[in-house]
1. For the stretch 67-202, what mean projected area does the convex hull of the alpha carbons give, in nm²?
2. Under 10 Å, Cα contacts only: if you run a Gaussian network model on the chain, which one of W189, W167, W91 comes out with the highest mean-square fluctuation?
3. Considering only DSSP beta bridges where both residues belong to the stretch 67-202, give the percentage that are antiparallel (nearest 5).
4. What is the ratio of the Cα radius of gyration of the stretch 9-129 to 2.2 N^0.38 Å, where N is its residue count, to two decimals?
5. With the dipole of the stretch 12-98 worked out from charges on the C-beta (+1 for Lys and Arg, -1 for Asp and Glu) around the Cα centre, which of G18, T92, V74 lies farthest toward the positive end?
6. What size of dipole, in debye to the nearest 20, comes out for the stretch 79-170 about its Cα centre when the only charges are +1 on Lys and Arg C-beta atoms and -1 on Asp and Glu C-beta atoms?
7. With point charges of +1 on the Cβ of Lys and Arg and -1 on the Cβ of Asp and Glu, referenced to the Cα centre of the stretch 129-197, which listed residue (F147, A158, V181) lies farthest in the positive direction of the dipole?
8. May I ask you to derive the relative contact order of the stretch 67-202, considering only C-alpha pairs under 8 Å and at least 6 residues apart, and to give it as an integer percent?
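Computed from the coordinates by the stated procedures, all read-outs in this text should not be read as laboratory data. From a predicted model like this one, the values you see are computed outputs, not experimental measurements. Glycine also receives a Cβ, built like all others from the backbone with ideal geometry; neighbour counts cover every protein chain displayed.
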Amino acid sequence: MVEQVNWAKKIAALARTGLHYSQNHYDSDRYEQLLEIAAQMLAQAAGTDSERIKAILEVDEGYVTPKVDVRGAVFRRGEVLLVREAVDGLWTLPGGWADIGDAPSEAVEREIREESGYEAKAVKLLAIEDRKRRHPPSLHDVYKIAFLCELVGGEARASAETTEVGWFSEDDIPPLSPGRVRAEQISRWFAHWREPDLPTEFD
């Protein structure tokens with residue numbers, strides 16, 4: 001199933017890119033057919049309607065590239081800051097999609113502030129990872145960027161996206177939102193916090 005999803009996403013990306021660059025209606029028709037096939041494959045994998053999937057795929061314009069997700073690892077007295085997602089009720093490092101106009105460090109600092117109420121400063125790039133290598137299948141290809149962040153102020157405050165804010169020790173991590181962060185990633189960020197000279201990790 002995971003392999004089918006990956007094939008379908010590649011077909012969809014090629015189709016969207018082809019539609020952007022095609023110069024005649026014959027090529028455009030062929031790319032539209034490829035996009036429809038990809039939507040059907042993804043809909044079958046997700047158990048949903050292909051038209052809904054196609055509508056999502058058609059949002060991408062131009063040369064299709066991965067989306068960017070940023071996450072911030074903030075530590076205080078040996079505990080890491082986590083937020084509970086309103087969507088699934090599970091916990092994660094604060095973060096989310098990078099916005100147009102934001103540098104990655106600015107994006108993660110904003111996400112921490114908006115989701116937790118705390119102010120933090122990005123001080124080290126921990127990792128740049130390909131989401132599909134560590135997380136459940138997603139409609140989009142995503143690069144996940146993790147930062148070590150220093151707490152500089154603020155106080156716990158939930159948001160429209162989060163229902164709780166908490167600090168957790170390494171051996172007391174609550175149930176995690178698997179599409180956002182995994183336990184082994186948090187363990188690695190604890191290691192970086194303890195040993196700041198560890199090199200940045202990347203796929």
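1. Projected area, direction-averaged: 7.6 nm².
2. Greatest mean-square fluctuation among the candidates belongs to W167.
3. Of all bridge pairs located within the stretch 67-202, approximately 70 percent are antiparallel.
4. On the way: Rg = 19.1 Å, N = 121, 2.2 N^0.38 = 13.6 Å.
Its radius of gyration relative to the 2.2 N^0.38 Å reference: 1.40.
5. V74
6. In debye, rounded to 20, the stretch 79-170 gives about 300.
7. The one lying farthest along the dipole's positive direction is V181.
8. Contact order relative to length: 32 percent.
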